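See below for the structure under consideration.
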Amino acid sequence: MSQAISQARDNMFRDKPFCRDLLRLTAPIALQSLMLAAVAAADAIMLGSASQNDMSAVSLATQIQFVQNMALSAGVSAFSILGAQYWGKQDRAAMSQVFFMALRFCLLLSVVTFVGCVFFPQYLMLLFTDEQELIEIGARYLRVAGWSYLITGISQCYLALMKVSGHARQVAVVSSVTVVLNIVLNACLIYGLFGLPALGVVGAALATLISRVVELIWSVGMCFVKGYLRPDLRYLLGGSRLLRHDYRKCLLPLLGASLLWSVGFTSYTAFVGHLGEDAAAANAVASVVRDLVCCLCNGISAGCGIMIGNALGAGDLTQGKLFGDRSMRLGFYCGFASTVIMLLLTPPLLALVKLTDEARSLLVAMMCIMAFYMIGRAVNTVIINGIFAAGGDTLFDMYSLCVTMWGLAVPLAALGTFVFHWPVPVVYACTCLDEVGKIPWVMLHFRKYKWVKDLTRSADEIGE
């Protein structure tokens, strides 16, 4: 069997059904990721053209949303893992139950984030900077943007439902249209076009809120269209005890990993933010570019994860293993391509943003460091978030983050910032150590094939 798998793997790009299905899933999801990152890019460019401090403050303020999104992604991903397998098994009742479990979790999390951003924004901003001007600007942004954080979790659950049930293209359409709306409203409300008031950072927050409302109405409304999966409302407040156990078993490691990763990543931003306004501005731009370039590996990770999950849920473990092996190779191809893209983007990027000479110098250094970081980021995203998660192997991510991020990168960056006062590029390089450093560990775990599992239960077990 191993020989047959090796031969099929070598013919990956000649396997037309595989390539067709992968493209059908990956392209829309990558486009969705790109469009979402484009909003942050538009905010950075538009606010950066007006004021470096406005751009820096909003970049720091949106770290709150970043933490929320990572926690939400744990709830949504736990549904996607189980949902993809039950979709492969064609068990819609089980999908509905797991969907509402995810929805309840995401609603609770969204309410907590909303309260913090709307009522205590200054205290949240103090986590990222001690510059009073940046705190005041960021607080104005959060008071408005916090309302959008209240509804984000709901729409993300419905969009995930469409992805795993074969409507990834429609998800890309919804995200693309709402992102274009967001960017247009950004321009109108930041600069005061077409007779509208020029609201600056508040305008950027208001544009985000309006676009999220449109996304929510559209994504929920699609469930009532013929051919789309409509969750069974009988399970709104309940569900099978065994499915709740399975959902928690997927959720808790994902949530732990998401919180470890998001808090660690926001710690990196906070460290750089304490190195001065120029460092914060350069990091704001570099972060936007990083998120844009990561869209490809995000799409490959999600698309491969759905394909592997469908195969495993249908009981075809051999095909699931084959798809995982191919996905791993795609992760490396994506990483090397991302490195080249980062280096090519650096010269035109310097011409687009308005920065001080010191900030421009720091940005060049950060882009060069990040070019090598992208290899590890792409490989780990595809393997950990796509392949391992598809088979329910969610604990590994949390363990690896405890060691590489919290045992190595965060302590070094903190010491460099507050104790040894290292140059900004050195501190920034410390924040990039975790992804590159864990590639050998990830590959060793991949070869154990613990992720090749069918997580589904029979209807008799569930109680249907």
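Would you call Ser110 farther than 23 Å from Val201 by Cβ and either part of a helix (DSSP H, G or I) or open to solvent by 30 Å² or more (accessible area, probe 1.4 Å) (or both)?
no
What are the residue pairs meeting all of these: first residue in segment 214-231, first residue closer than 21 Å to Tyr86 by Cβ and at pLDDT below 90, second residue open to solvent by 50 Å² or more (accessible area, probe 1.4 Å) and part of a helix (DSSP H, G or I), Cβ atoms under 8 Å, and 6 or more apart or on different chains?
From segment 214-231, the pairs are Leu229/Arg92; Arg230/Phe224.
With respect to the numbered conditions (1) open to solvent by less than 20 Å² (accessible area, probe 1.4 Å); (2) within 30 Å of Met101 (Cα to Cα); (3) out of contact with any Ser or Thr (no Cβ under 7 Å at 6 or more places or on another chain), which one is the sole condition not fulfilled by Ala279?
Of everything listed in (1) open to solvent by less than 20 Å² (accessible area, probe 1.4 Å); (2) within 30 Å of Met101 (Cα to Cα); (3) out of contact with any Ser or Thr (no Cβ under 7 Å at 6 or more places or on another chain), Ala279 misses just condition (2).
Out of all the residues in segment 51-63, which are in a helix (DSSP H, G or I) and open to solvent by 20 Å² or more (accessible area, probe 1.4 Å)?
Residues satisfying the conditions are Gln52, Asn53, Asp54, Ser59, Thr62, Gln63.
Which condition does Met374 not pass, out of (1) under 18 Å from the mean Cα position of the chain (by Cα); (2) closer than 22 Å to Gly256 by Cα; (3) open to solvent by less than 30 Å² (accessible area, probe 1.4 Å), if it passes all the others?
If we test Met374 against (1) under 18 Å from the mean Cα position of the chain (by Cα); (2) closer than 22 Å to Gly256 by Cα; (3) open to solvent by less than 30 Å² (accessible area, probe 1.4 Å), just (2) comes out false.
Within segment 201-210, restricting attention to residues that are free of Cβ contacts under 8 Å to residues at least 60 places away in the same chain and surrounded by 21 or more Cβ atoms within 10 Å (Cβ to Cβ), which residue is farthest from the chain's Cα centre (by Cα)? Working first, answer last.
Initially, segment 201-210 is screened for residues free of Cβ contacts under 8 Å to residues at least 60 places away in the same chain, giving 203, 207, 210.
Subset that is surrounded by 21 or more Cβ atoms within 10 Å (Cβ to Cβ): 203, 207.
Numbers: Gly203: 24, Ala207: 21 Å.
If we take residues in segment 201-210 being free of Cβ contacts under 8 Å to residues at least 60 places away in the same chain and surrounded by 21 or more Cβ atoms within 10 Å (Cβ to Cβ), then Gly203 is farthest from the chain's Cα centre (by Cα).
List the helices (runs of 4 or more DSSP H) inside segment 228-340, counting only whole elements, that have at least 2 residues being within 18 Å of Ala429 (Cα to Cα) and within 19 Å of the chain's Cα centre (by Cα).
Fully inside segment 228-340 and qualifying: 241-273, 277-293.
So, Phe332, is that one within 30 Å of Asp91 (Cα to Cα) and either among the aromatic types (Phe, Trp, Tyr) or at pLDDT below 90 (or both) or not?
So Phe332 does not fit the description; no.
Within segment 414-464, how many residues turn out to be among the aromatic types (Phe, Trp, Tyr), closer than 30 Å to Leu82 by Cα, in a helix (DSSP H, G or I) and open to solvent by less than 30 Å² (accessible area, probe 1.4 Å)? Even if it seems obvious, please write down each step before you answer.
Step one: filter segment 414-464 for residues among the aromatic types (Phe, Trp, Tyr), giving 418, 420, 422, 428, 441, 446, 449, 451.
Now narrow it down to the ones that are closer than 30 Å to Leu82 by Cα: 441, 446, 449, 451.
Next cut, in a helix (DSSP H, G or I) only: 441, 446.
Right, trim to open to solvent by less than 30 Å² (accessible area, probe 1.4 Å) and you get 446.
Number of matching residues: 1.
Looking at segment 346-377 only, could you name the residues that are farther than 23 Å from Val426 by Cβ and part of a helix (DSSP H, G or I)?
Pro347, Pro348, Ala351, Leu352 - these are the residues of segment 346-377 that are farther than 23 Å from Val426 by Cβ and part of a helix (DSSP H, G or I).
Looking at the structure I just gave you, is Gln85 at pLDDT below 80 and either assigned to a helix (DSSP H, G or I) or touching a helix residue (DSSP H, G or I) at 6+ places or on another chain (Cβ under 9 Å) (or both)?
Against the criterion (at pLDDT below 80 and either assigned to a helix (DSSP H, G or I) or touching a helix residue (DSSP H, G or I) at 6+ places or on another chain (Cβ under 9 Å) (or both)), Gln85 does not qualify.
In segment 175-200, how many are open to solvent by less than 70 Å² (accessible area, probe 1.4 Å), of a type outside the set (A, V, I, L, M) and assigned to a loop (DSSP other than H, G, I, E, B)?
So the count comes out to 2.
Quick check: is even one residue across segment 248-262 among the hydroxyl-bearing types (Ser, Thr, Tyr), farther than 21 Å from Val67 by Cα, open to solvent by less than 30 Å² (accessible area, probe 1.4 Å) and in contact (Cβ under 8 Å) with a residue 40 or more places away in the chain?
no
Out of (1) closer than 30 Å to Gly309 by Cα; (2) without any contact (Cβ under 8 Å) to a residue 24 or more places away in the chain, the odd one out for Gly407 is which?
(1)
Go through segment 319-350 and give me each residue that's of a type in the set (D, E, K, R) and either farther than 24 Å from Ala389 by Cα or open to solvent by 40 Å² or more (accessible area, probe 1.4 Å) (or both). First the steps, then the outcome.
Here is the first cut: in segment 319-350, the residues of a type in the set (D, E, K, R) are 321, 325-326, 329.
Residues satisfying the conditions are Lys321, Arg329.
Select from segment 216-227 the residues that are open to solvent by 100 Å² or more (accessible area, probe 1.4 Å) and either in a loop (DSSP other than H, G, I, E, B) or in contact with a Lys or Arg (Cβ under 6 Å, 6 or more places away or on another chain) (or both) and list them in ascending order.
The first filter runs over segment 216-227 and keeps only residues open to solvent by 100 Å² or more (accessible area, probe 1.4 Å), leaving 217, 224, 226.
If the condition is that a residue be open to solvent by 100 Å² or more (accessible area, probe 1.4 Å) and either in a loop (DSSP other than H, G, I, E, B) or in contact with a Lys or Arg (Cβ under 6 Å, 6 or more places away or on another chain) (or both), then Lys226 is the only one that fits.
Within the group Ile81, Ile151, Ile137, which residue is farther than 30 Å from Asp393 by Cβ, in contact (Cβ under 8 Å) with a residue 60 or more places away in the chain and crowded, with 24+ Cβ neighbours inside 10 Å?
Sole residue among the options that is farther than 30 Å from Asp393 by Cβ, in contact (Cβ under 8 Å) with a residue 60 or more places away in the chain and crowded, with 24+ Cβ neighbours inside 10 Å: Ile137.
The values are calculated or read from the model by the stated rules, or taken from the named source; none is laboratory data. Only a predicted model underlies this, so the values are computations on that prediction, with no experimental measurement involved. When we count neighbours, we look across all protein chains shown, and the Cβ atoms used for this are built from the backbone with ideal geometry, even at glycine. What goes into the accessible areas is simple: the full protein's heavy atoms, side chains included, and nothing from ligands, DNA or RNA. Shrake-Rupley method; radii C 1.70, N 1.55, O 1.52, S 1.80 Å.
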